[in-house]
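Working notes for the structure below.
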Amino acid sequence: MAGAMPTGRPPGWWYPWIFVGGMLIVIAVNVVLVIFAVGTFSGLETTDHYRKGLAYQDALDATARQAELGWTAQVDFRPRPPGGESGGQSSGELALQFSDRDGQPLERLEVEAQFTRPTQAGFDHKAVLDSEGSGRYRASISFPMPGQWDLRVLARRDDARFQSTHRLLVP
């Protein structure tokens, strides 16, 4: 029987189906990722955005008032060696020197230091600094853990307000 047609499939007939199966896997994974992305993001980045947007001008005005004051704050943080009386916690002495635009020391300020851990939430704390006279304010600070801390200094006297931010490295 010459010229008979071969029966059965040729070798390698399933190779194109490998490509089709791979593409189906990619499509299925993409569908799952899109479902998770759409289902978990509400589209709202900031709560109460309208009120915060209206308050933006107030923040700009406060910055301008602070610049008009001409106050400056010099930060001096001296860490203490770990252990000892701090009970193993990291600690140190925070001293601030406030002066006006003419370089004269600022007296009668209410000074607060706010500490925020930039890499981990839940460890924020505050300290009120005591006046030592001649524009110098001091507090002994204990930190729950060593590392980088953001210091926000808030000072006020009557209606005048001042704030500045600094980065501290606590050993």
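With respect to the numbered conditions (1) over 30 Å from D158 (Cβ atoms); (2) touching a Gly at 6+ places or on another chain (Cβ under 7 Å); (3) open to solvent by less than 80 Å² (accessible area, probe 1.4 Å), which one is the sole condition not fulfilled by V26?
Going through (1) over 30 Å from D158 (Cβ atoms); (2) touching a Gly at 6+ places or on another chain (Cβ under 7 Å); (3) open to solvent by less than 80 Å² (accessible area, probe 1.4 Å) one by one, V26 breaks only (2).
Anything in segment 132-143 that is on the phi < 0 side of the Ramachandran plot, surrounded by 15 or more Cβ atoms within 10 Å (Cβ to Cβ) and either in contact with a Lys or Arg (Cβ under 9 Å, 6 or more places away or on another chain) or outside any strand (DSSP E or B) (or both)? List them, or say none.
Correct list: F143 only.
For segment 82-104, which positions are at pLDDT 90 or above and open to solvent by 20 Å² or more (accessible area, probe 1.4 Å)?
Of everything in segment 82-104, those that are at pLDDT 90 or above and open to solvent by 20 Å² or more (accessible area, probe 1.4 Å) turn out to be E93, Q97, S99, D100, R101, D102, G103, Q104.
Out of the residues in segment 108-130 that are open to solvent by 70 Å² or more (accessible area, probe 1.4 Å) and not in a loop (DSSP other than H, G, I, E, B), which is farthest from W71 (Cα to Cα)?
It comes out as K126.
Let me confirm something: among V128, V170, V111, V153, which residue is modelled with pLDDT under 95 and hydrophobic (A, V, I, L, M, F, W, C)?
Result of the check over V128, V170, V111, V153: V170.
The values are calculated or read from the model by the stated rules, or taken from the named source; none is laboratory data. Predicted model only: the values in this text are computed from it and were never measured. Using ideal geometry, Cβ is built from the backbone for each residue, glycine included, and neighbour counts are taken over all protein chains shown. Only protein heavy atoms, including side chains, enter the accessible area calculation; ligands, DNA and RNA are left aside. Shrake-Rupley method; radii C 1.70, N 1.55, O 1.52, S 1.80 Å.
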